[in-house]
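Here is the structure we will look at, set down as structure tokens.
The values are calculated or read from the model by the stated rules, or taken from the named source; none is laboratory data. Since we're looking at a predicted model, the values are computed, not measured. For neighbour counting, all protein chains shown are included, and Cβ atoms are generated from backbone atoms with ideal geometry for every residue, glycine included.
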Amino acid sequence: MKIESFPRKLFLFRNNLCMFAQTQNELHNMKHMSILAVSLLALVACTPEKKQEADYSQYVNPMIGTDFTGNTYPGAQVPFGMVQLSPDNGLPGWDRISGYFYPDTTIAGFSHTHLSGTGAGDLYDISFMPVTRPYKEAPAPLGIYSTFSHNDEAASAGYYRVLLKDYNINVELTATERCGIQRYTFPEAEASVFLNLKKAMNWDFTLDSKIEVVDSTTIRGYRLSQGWSPLQHVYFETRFSKPFVACHMDTTSIVTKEKGWIGTAYVARFDFNTKKDEEILVTTGISGVSMEGAGKNLRAEAPKDDFDYYQAQASANWNRQLSKIEVKSRNTDDMVKFYTALYHSMIAPTIYSDVDGSYYGPDQQIHKADGWTNYSTFSLWDTYRASHPLFTYTEPERANDMIKGFLKFYEQNGALPLWNLYGWETNMMIGYHAVPVIVDAYLKGIGDFDAEKALNACVATANLDSYRGIGLYKELGYIPYNVTDHYNAENWSLSKTLEYAFDDYCIAEMAKKMGKQDIADTFYKRSRNYRNLYNPETSFMQPRDDKGHFIKGFKADDYTPHICESNGWQYFWSVQQDIDGLIALTGGKERFAQKLDSMSTSRPADDEELPIFSTGMIGQYAHGNEPSHHVIYLFNKVGQPWKTQKYASEVMRELYKNTPAGLCGNEDCGQMSAWYVFSAMGFYPVNPVGGEYEIGTPLYPEVRMRLSNGKTFTVLAHGVSGKNRYIRSVKLDGKPYDKSYITHEQIMNGSILEFEMGSEPGKAWY
């Protein structure tokens, strides 16, 4: 899909401004481009001596993932921003879990908070909807709405536009970190803007809300809700660029069977008399702390009514972030795929503290981040694999702040976060995967967080005996499938055992480096617990009961309650900490290679109805879900790198597309895209804390990663193409290279990794 948003047009137009006479019509159509901006751009464009900075944001297509299973949203956000201002179709359902589904034709509001590809239907807070009267209203759940067409829609990094067809209102969205800025262009009409704090979709439920009129241009309030998170606080202050002539408040009591009356749902309508093409800006600051905090955020980040200014700021912000990795390709789709993936990798985690550092903690108290920024929205079961390792290169300062937030969360909650959302623990998914994030940063020497406190938090979290089977795991060396408790009701016994074993290895590695050998020995021993689930008779990891017996009737391709969102094929390889040990357990390299081949060729039956998370299938390999993400790189470990190259190329070229349906599975807060960013550069962290990156196959002839130490790591792939996907030889800094992987140290040294590519599989170079 070609995205022709305003920033993109500016970029393209800039290069031709010297031919001013030939472009008068285009200048006329760019209605929001000021004469001053045109003059400045013309001056720059006509001065060949001044080198133009590359605009990487032009290659971002936020529509990727809004169809099929991606569950992304197309709206406006800055990198890691608290605000995710995006359209909502107004209907519930799995396909609309992010609020927006590309095949839909309705819009029922523009709300300020969304989740990117999580599969969790939550947020959608502070929803505005402009209309002309009389307006269209459908029965619940849709309510007040308008139809729209993709022909009248555009999205780019930090910007979204759509025409509400039923009212002839053009809506534009942009954002700062904590503020959303909307620009409505009205026809001549009796117009209104609705603010609906009652509306809730999917898992979300309004508990209480409030709207206060401060003056004829300012309102404030809050929405408290329950969904995936037990209690979400979203406060707001909104400024209209034009005084409203009337305000209508509608309130509804919220009553539950269990508790009776619990709160009030507010819906407000603000009326305006508008002229043709009149613009009204609606600028909203949000906070997780208070209305006063929202007001401070508003005045600090968006004090003036100037949509173009904030849009330009958002675009420049994105370009700065995206420029940290420079790729070169003549294929525009490949450029779009890479920079959209890099963009998606920086959507979450999200800032969760006000400009003064205040934030709401899991202990239901207000805290202050002093000298650091607090973050929320951690999909750690997904993102520990590639997203957070990527941050160690692209966002080391933020990575440091995230870990400081983990440690504060531990102090306030008694455990490190598992899936932190809006200051709360959702207890979604499994493992204790804040641990590898902490350990990876520590081993790489990133940040100034308290390592002693961090290790203590890791150990304490791993020893919560009453939590999700950890006590049984410590006692038996695995979690039995036939024992359930309050936290173990979902079972997932096999997956938990493997995930815990990996996290335990991470703790051991950190303890070892810190000289705490007793802790290291304990957790190295625990990290080998994966062996307790290996059944040599089936050659698979297999659930066991509390007496030690393997479950009967086990089939590797079955989806059972004992394996989290996967089957026996897909979870067998979840031993990233000890692939050599897994190879030995399986019977050696030859047998291991045969098993990898079998996974790639063992197709589900044509009539088999797969779960929603089993997408992007290559045999039993499911790229649409995270447990499979490292598996194709394991061919390197058995001396068959050409198979890694074959499958990595196939996944990158066939399962990532520059279309709304261009993601084969849930984006999962950036993990799906982080896999692509690493893989397209030609390497991937099989072990996310090992400091080693297995070489796959590069997608671009040239990649330059600009590092925080001022150096540049370069990947050159001579002759690479869709046909030339196989590596013939490897050099590092001009010398033949004999390893299947590169190291963190080599990357940070600013090395040059150089490939000769060919069309036929070659021998292993190591």
Of residues in segment 362-386 being of a type in the set (G, A, S) and more than 16 Å from W419 (Cβ to Cβ), the one surrounded by the fewest Cβ atoms within 10 Å (Cβ to Cβ) | G371
Residue selected from segment 670-692 under the condition in contact with a His (Cβ under 8 Å, 6 or more places away or on another chain) and among the hydroxyl-bearing types (S, T, Y), by the criterion nearest to G65 (Cα to Cα) | S673
Failed item in (1) among the small types (G, A, S); (2) touching a His at 6+ places or on another chain (Cβ under 9 Å); (3) within 19 Å of R528 (Cα to Cα), with S466 passing the rest = (3)
Scan segment 398-409 and give yes if some residue there is touching a strand residue (DSSP E or B) at 6+ places or on another chain (Cβ under 6 Å), assigned to a helix (DSSP H, G or I) and among the aliphatic types (A, V, I, L, M), otherwise no.
-> yes
Leading residue by the ranking (surrounded by the most Cβ atoms within 10 Å (Cβ to Cβ)) among those in segment 637-648 that are within 28 Å of the chain's Cα centre (by Cα) and under 25 Å from D578 (Cβ atoms) = A648
Run D580 past the list (1) charged (D, E, K, R); (2) over 20 Å from T644 (Cβ atoms); (3) surrounded by fewer than 14 Cβ atoms within 10 Å (Cβ to Cβ) and report the number of the one that doesn't hold.
-> (2)
Just one of (1) in a helix (DSSP H, G or I); (2) touching a residue at least 60 places away in the same chain (Cβ under 8 Å); (3) out of contact with any Cys (no Cβ under 7 Å at 6 or more places or on another chain) trips up Y432, so point out which.
-> (1)
Is segment 649-669 home to any residue that is of a type outside the set (A, V, I, L, M, F, W, C), within 19 Å of the chain's Cα centre (by Cα), surrounded by fewer than 23 Cβ atoms within 10 Å (Cβ to Cβ) and over 23 Å from L610 (Cα atoms)?
-> yes
Which ones in segment 588-603 are within 30 Å of the chain's Cα centre (by Cα) and closer than 17 Å to Y633 by Cβ?
-> L596, M599, S600
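Table: residues versus (1) surrounded by 21 or more Cβ atoms within 10 Å (Cβ to Cβ); (2) in the same structural domain as R239 (by TED's automatic domain parsing).
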| residue | (1), (2) |
| --- | --- |
| D271 | no, yes |
| K276 | no, yes |
| G288 | yes, yes |
| K328 | no, no |
| Y359 | yes, no |
Of those in segment 459-484 that are in contact with a Gly (Cβ under 9 Å, 6 or more places away or on another chain) and part of a helix (DSSP H, G or I), the residue surrounded by the fewest Cβ atoms within 10 Å (Cβ to Cβ) is A460
Can you name every residue in segment 597-634 that is under 24 Å from P688 (Cα atoms) and among the hydroxyl-bearing types (S, T, Y)?
-> S600, S614, T615, Y621, S628, Y633
Counted residues, segment 601-636 - those being surrounded by fewer than 19 Cβ atoms within 10 Å (Cβ to Cβ) and more than 28 Å from T118 (Cβ to Cβ) | 6
For E667, all conditions in the list (1) out of contact with any His (no Cβ under 7 Å at 6 or more places or on another chain); (2) at pLDDT 95 or above; (3) farther than 29 Å from Y534 by Cα hold save one; what is the number of the exception?
-> (1)
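For every residue, the table says whether it meets (1) in contact (Cβ under 8 Å) with a residue 12 or more places away in the chain; (2) closer than 21 Å to F128 by Cβ; (3) touching a strand residue (DSSP E or B) at 6+ places or on another chain (Cβ under 7 Å).
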{"residue": "D250", "(1), (2), (3)": "yes, yes, yes"}
{"residue": "V255", "(1), (2), (3)": "no, no, yes"}
{"residue": "I262", "(1), (2), (3)": "yes, no, yes"}
{"residue": "A265", "(1), (2), (3)": "yes, yes, yes"}
{"residue": "E278", "(1), (2), (3)": "yes, yes, yes"}
{"residue": "N297", "(1), (2), (3)": "yes, yes, yes"}
{"residue": "W318", "(1), (2), (3)": "yes, no, no"}
{"residue": "K328", "(1), (2), (3)": "yes, no, yes"}
Kindly indicate the residue of segment 409-446 that is among the polar types (S, T, N, Q) and either within 19 Å of the chain's Cα centre (by Cα) or surrounded by 21 or more Cβ atoms within 10 Å (Cβ to Cβ) (or both) and also farthest from D465 (Cα to Cα) among those meeting that condition.
-> N420
Top-ranked residue of segment 410-425 - restricted to ones that are at pLDDT 95 or above and assigned to a loop (DSSP other than H, G, I, E, B), ranked as farthest from C669 (Cα to Cα) = G414
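For every residue, the table says whether it meets (1) assigned to a loop (DSSP other than H, G, I, E, B); (2) free of Cβ contacts under 8 Å to residues at least 40 places away in the same chain.
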residue	(1), (2)
V575	yes, no
G581	no, no
F592	no, no
K595	no, no
S600	no, no
A605	yes, yes
S614	yes, no
Residue ranges of strands (runs of 3 or more DSSP E) in segment 73-134 with at least 2 members surrounded by fewer than 24 Cβ atoms within 10 Å (Cβ to Cβ) | 127-132
Among the residues of segment 208-231, is there at least one that is at pLDDT below 95, under 25 Å from G121 (Cα atoms), hydroxyl-bearing (S, T, Y) and crowded, with 20+ Cβ neighbours inside 10 Å?
-> yes
Which listed residue is surrounded by 21 or more Cβ atoms within 10 Å (Cβ to Cβ), without any contact (Cβ under 8 Å) to a residue 40 or more places away in the chain, assigned to a loop (DSSP other than H, G, I, E, B) and of a type in the set (A, V, I, L, M), from V689, V720 | V720
Determine if segment 497-510 includes at least one residue that is within 26 Å of E565 (Cβ to Cβ), of a type in the set (S, T, N, Q) and not in a helix (DSSP H, G or I).
-> no
Here the residues within segment 719-733 that are farther than 20 Å from D333 by Cα and not charged (D, E, K, R) are Y726, I727, S729, V730, L732
Quick one: what pairs do we get from segment 364-376, first residue modelled with pLDDT of 95 or more, second in a loop (DSSP other than H, G, I, E, B) and of a type in the set (S, T, N, Q), C-beta under 7 Å, 6+ apart or different chains?
-> A369/S353; T373/S353; N374/S353
For segment 212-236, the count of residues that are within 14 Å of A268 (Cβ to Cβ) and in a strand (DSSP E or B) equals 10
The residue from K242, K199 that alone is modelled with pLDDT under 95, surrounded by 15 or more Cβ atoms within 10 Å (Cβ to Cβ), assigned to a loop (DSSP other than H, G, I, E, B) and not small (G, A, S) is K199
